[in-house]
1. Enumerate the amide H contacts of G154 below 5 Å, restricted to partners 5 or more residues apart or on another chain; note that Pro and chain-start residues carry no placed amide H.
2. Convert each backbone phi in segment 124-139 into a coupling constant with the Karplus relation 6.51 cos²θ - 1.76 cosθ + 1.60 (shift: θ = phi - 60°), then list the ³J(HN,Hα) values in order as whole Hz, x for Gly and Pro.
3. In this model, which of K125/K173; K55/K176; K55/K130 are farther than 28 Å apart at the alpha-carbon?
4. Is the C-alpha gyration tensor of segment 1-135 telling us rounded, prolate or oblate? Criteria: a/c under 1.5 is rounded; beyond that, a/b larger than b/c is prolate, otherwise oblate.
5. Taking only protein heavy atoms into account and a 1.4 Å probe, give the accessible area per residue of segment 14-83 in Å².
6. May I ask for the angle, rounded to the nearest 10°, between helix 326-355 and the longest principal axis of the chain, with both axes built from Cα atoms and the value confined to 0 to 90°?
7. Residues with amide H under 5 Å of K220's amide H, sequence separation 5 or more or different chain, H placed in the peptide plane at 1.01 Å from N; which?
8. What are the lysines whose alpha-carbon lies under 24 Å from the alpha-carbon of K330, with same-chain residues fewer than 8 places away excluded?
Amino acid sequence: MCSKKVLDVLKVGFHGNTGDNRSPEDFAFPACMTSLMQYLGEDYPIMEIEAHNRKYTLRTGNQHFITASGMAFGLLWHREYCMSCMDLTQVNEHNATIKHAYDWAGYEFEIIEKSKEGNNRGYIKEKIIKSIDKGIPVLAFGIIGPPECLIINGYDDNGDVVIGWSHFQEWEKCDKELNGMFRKADWYEELWKIVITGNKIGRTVTFKDVLSLGLSVMEKTESEGYVAGIAAYDEWIKYVLNVDLDNVDDETLKVRHELHHNLVGNLAEARCFGGDFLFRLSQEMEDENVKGAANCFKDIHDLCWKAWGVLGEYGQKDAWKGFRNNENRKKIAAVLEEIKSLDQKAIAYLRLAVKS
């Protein structure tokens, strides 16, 4: 065993933090799956696309894993207005989301959670070291920031330090390698679980399985303690129309707007990539119902930009101020109603596709 070993895995991060012209990959789990599979030599093409008057590099693996995991079909709402509803790995039981992605990738895997007693650090460290020594990066949840996915692609000090990429490493003060990878010595403290990638066995799910999973996600009204699906739209619209927002202080308004603003982006990215995947799937399956669902998803993406536009140009720093205006919020709610209607149409298309 080496005291230090690092694998050259492609960086993951929020849009603008990846150091290239990559299209948004703001969902940590599918982004990490994509970098993992890319490192293992799996064939998920990289394409050049143009959107919003810009050219982007698109990693199609990200589209595959956000859709095959069920995340692309989801919408979550936290009753206490917590930003954790952005983490769409929770549209299924968490380990099930991981399983769906690995079933699509065609690899065996092992999930190892931090013990409730907190006494399995040595065992987990050994698993990480063995995987890195075999040339296979490790997925982990926690360690840096919220308990979302990151990728461990190295270790130092015989495993007492882990090295890798995290969407949240710019938010936290942590040591860095010269190439920007995080270095974390107390990694076990905030760890939730790791995923060890095993042998390649070939894809174990069909196109119909992905559609059935997506339909089940969209038909849910609850998931992992969150309001889900169409019911989540109802809560979101109620939140936007709350007249109390007319009179809250500025800091409260900023926080309330931030939740709404980020949820719009969350939905736009999920449905955009899911729509692209479903469109290609409709061509392979020669199924007009799948194409219909794909078109609904693409229209939802466009309407998300319309919802943002009510308060000005995207990225406008003082857009939160317009959220105080009840007429603006009524316009936003009307767009959300349109989006909700499109999701209902997508559900109807998926039901027909699954039955055919």
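The values are calculated or read from the model by the stated rules, or taken from the named source; none is laboratory data. For clarity, every value in this text was computed on a predicted model and none was experimentally measured. All Cβ positions, even for glycine, are placed from backbone atoms using ideal geometry, and neighbour counts span all protein chains on display. The protein model used for the area step is the full one, side chains on, heavy atoms only, and it has no ligands, DNA or RNA in it. Shrake-Rupley method; radii C 1.70, N 1.55, O 1.52, S 1.80 Å.
1. Long-range HN contacts for G154: L7, I163.
2. These are the phi-based 3J(HN,Hα) values: 5, 4, 4, 5, 5, 4, 4, 5, 5, 5, 7, x, 10, x, 10, 8 Hz.
3. From K125/K173; K55/K176; K55/K130, over 28 Å: K55/K176; K55/K130.
4. oblate
5. With all protein chains present, segment 14-83 gives 41 Å² per residue.
6. 70
7. Here nothing satisfies the definition.
8. K238, K254, K298, K306, K317, K321, K340, K345
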